[in-house]
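Presented below is the structure to which this report refers.
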Amino acid sequence: QVQLVETGGGLVQAGGSLRPSCAGSGYIFSISLMGWYRQAPGKQRELVATISTYNTKNCADSVRGRFTISRDNAKNMVYLQMNSLEPEDTAVYYCQTNIRGYDYWGQGTQVTVSS
């Protein structure tokens, strides 16, 4: 049974940092593309960043230079280092992977940035 569990969200002032984490289980983590998405109130879920099995990283233009995705295959963990946070970054952040064409999601972790 595939499970993704996010932790590490919270409330932070603008300009601050957070580092949400995602623990994966029930599948071969090391060979899976991992992603972080976010959904703000009243908006569609959007891609934030992805990291491949070879540590190739991609991120949205809106977070480039501020957010960094990383993974630790030995621990089945993926992280999202978020710096210089802005109120516009306020959203629920979700961890995601795709296995055999099916998307799996975590329950999400709330990130709130106050101005």
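Gain on full extension, evaluated as 0.36 nm per residue between residue 19 and residue 39 minus their Cα-Cα distance, stands at 5.5 nm. Across the accessible surface of the stretch 25-86, with the other protein chains kept in place and a 1.4 Å probe, carbon and sulfur atoms take up 49 percent.
With a/c under 1.5 counting as rounded, go ahead and sort the stretch 1-67 into rounded, prolate or oblate using the C-alpha gyration tensor (a ≥ b ≥ c being the square roots of the eigenvalues; past the cut-off, prolate if a/b is larger than b/c, else oblate). It comes out prolate by the Cα gyration axes. For the chain, 59 have no disulfide-compatible partner, since no other Cys C-beta lies under 4.7 Å from theirs.
For the set 92, 63, the ranking by accessible area, highest first and with no ligand, DNA or RNA atoms included, is 92, 63 under a 1.4 Å probe.
Heavy-atom accessible surface of the stretch 1-88, averaged per residue, reaches 56 Å², computed with a 1.4 Å probe. Cα-based values for the chain, radius of gyration first and Dmax second, are 13.4, 42 Å. Going out from 0 in 10 Å bins, what whole percent of all Cα-Cα distances in the stretch 53-113 drops into each bin? With 10 Å bins starting at 0, P(r) equals 17, 50, 30, 3.
The values are calculated or read from the model by the stated rules, or taken from the named source; none is laboratory data. This is a predicted model, so every value here is computed, not measured. Because the Cβ atoms are built from the backbone with ideal geometry, glycine has one as well, and the counts that use them run over all protein chains shown. To get the accessible areas, we keep the full protein, side chains included, count just its heavy atoms, and leave off ligands, DNA and RNA. Shrake-Rupley method; radii C 1.70, N 1.55, O 1.52, S 1.80 Å.
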